[in-house]
Every structure is written in C-alpha cells, then in structure tokens.
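Beneath this line is the structure, given in structure tokens, with notes to follow.
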Amino acid sequence: MLILAHFLLITAIFGQSSSSFSGELIYAITKIDENKIQSGFGNDHSHAEEKLIIYTKDSLVKRVYFNSENGIQESIEHLTYAKKILLLSIDTMNYAVQLPVNQKNHTDQLDSTYVLSKKCFPKVYFAGIKGKPMFLSHPMLSNKLQIWYSKKIHPKYNSVYAELPGIPLKYYIASEKGLYLYELESFKQYDPPLSLFQIPIGYDILSLEDFLNLLDNQK
C-alpha cells in the first residue's frame, strides 16, 4: 500500500499546478488497411471496437484500453514519483503489478524511435481542440504519416512520442501486430474523484519480478 499512500500524499500536498490537467480524453483506435497507405505489416484485421480512455488528476494518470473482444486493460501512473501499476485479472485473482521505471524524467520513458518533423499543412480540430500538424517517421514505416497535436495539454501526459511538445490528438502506433490509428473523439475537463486512481480493494500488490515468478509457478 506504499504506492497508494504516495498517490494520496502528493495530491494533498501539491494540488493542481499550472502545467497540470484534470479531466478525460477518449481516443478511437483503428487498425489501418496497410495495403492502402503502408506496406510491411500483417493483414489480420480485427472487427473489434477499441478505445483508449485517459483520466488525469494533476500528476495522477489512469489509462484504460478497451477491446470489445479481449476486455479491458488498466494502468495507474504517478508522474511525479515515476510510478506505474498495471491492473490485471487472471482467472479469479486480481493483481496490481508495480512496473519498474529507471528513467529520471517522463520524456525518457517514451519511444525515441519515432521521429517528428514540422510541416505546413492544415490545422484540424479534434473534439473541439485545434491540432497542429507534424510528419511522423519510424523505422517500420516506409513513408511519413501526418499527425496532429495540441499544446493545450502539457506534454507530460504524452506517453507516445518523446519529441512531441504537447498531447497527441491524431497519431499512429507501429508494432509487429500492425499499424494503429488513434484519434481523439471526446475531451472533458473536470476533476475526477481520487478513488479512480486508487488500487481497487481485493488486488494483490506485487513487483514485476514476483508476478513473473508467480506465472512461472502456475505453468
């Protein structure tokens, strides 16, 4: 419960800073038809509905990945303390897995293989937020892709591109499973309840090493 105590303590002491945002961001996730814009990826398309929901409260962040076929994956982060907890349910057991973070600041944790370059093409609004354009390059991409971002929200909440000076509004993630498009469809600014960022009752708190050992013993 030490991490949870840190969550409560830092929120009470520091409150809301000028570089902080409290609210909710919802992104629609789409697997791109690679044959139309990009080669080199598999074509096993899924018809599942996918969303990324991000809740923030100053230095607290909760990310919820929803997949209509595979369920929900959740994580809780404390940006000031560089703490991250992955919430998992396996069979009838619930686990809060503490992920190790060695970097001293948030931007070092981001994927540096994405390269961004400024380009003059139209600004676009996403969920009421004006997006500034950039080009995106990556070793897995044979061509540059257009993305949009906003400085309206501090870049410390950006967990995607190391160079981005704000929050991404429309962006791409390249992986061995395919090329995925994330597009902001809802933006709400409000003060979420602190309970949203707490480890739920009934979850066993484990280090990543202990969790992996637990999985090995179950084989």
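Taking each residue of region 143-168 that is under 20 Å from residue 181 (Cβ atoms) and among the aromatic types (Phe, Trp, Tyr) and looking for partners that are modelled with pLDDT under 90 and buried (at least 17 other Cβ atoms within 10 Å of the Cβ) with beta-carbon atoms closer than 7 Å, six or more apart or interchain, yields 161/110. Among 176, 183, which is the only one that is among the acidic types (Asp, Glu), under 19 Å from residue 49 (Cβ atoms) and either surrounded by fewer than 17 Cβ atoms within 10 Å (Cβ to Cβ) or touching a residue at least 60 places away in the same chain (Cβ under 8 Å) (or both)? Unique residue meeting the criteria: 183. Just to be sure I understand, how many residues within region 186-195 are loosely packed, with under 14 Cβ neighbours inside 10 Å and either in contact (Cβ under 8 Å) with a residue 24 or more places away in the chain or not in a loop (DSSP other than H, G, I, E, B) (or both)? Residues that pass the stated criteria total 6. Of all residues in region 59-98, exactly one satisfies the criterion of being over 20 Å from residue 211 (Cβ atoms) and touching a Leu at 6+ places or on another chain (Cβ under 6 Å), namely 59.
The single condition from (1) within 17 Å of residue 172 (Cα to Cα); (2) at pLDDT 85 or above that residue 24 fails is (1). Being part of a strand (DSSP E or B) and within 19 Å of residue 55 (Cβ to Cβ) is a property that residue 168 has.
May I ask you to verify whether residue 191 is within 30 Å of residue 100 (Cα to Cα), over 17 Å from the mean Cα position of the chain (by Cα) and among the acidic types (Asp, Glu)? The answer is yes for residue 191. Within region 109-144, the residues that satisfy the criterion of being hydrophobic (A, V, I, L, M, F, W, C), in a loop (DSSP other than H, G, I, E, B) and more than 20 Å from the chain's Cα centre (by Cα) are 120, 121, 140, 141.
Looking across region 34-53 at every residue that is surrounded by 13 or more Cβ atoms within 10 Å (Cβ to Cβ) and modelled with pLDDT under 65, the one that is nearest to residue 67 (Cα to Cα) is identified as 46. Among the residues of region 54-78, just one is out of contact with any Asp or Glu (no Cβ under 7 Å at 6 or more places or on another chain), farther than 24 Å from residue 156 by Cβ and modelled with pLDDT of 90 or more, namely 72.
The values are calculated or read from the model by the stated rules, or taken from the named source; none is laboratory data. Remember, it's a predicted structure, so these values are computed and weren't measured experimentally. Note that we place each Cβ from the backbone using ideal geometry, even for glycine, and neighbour counts take in every protein chain shown.
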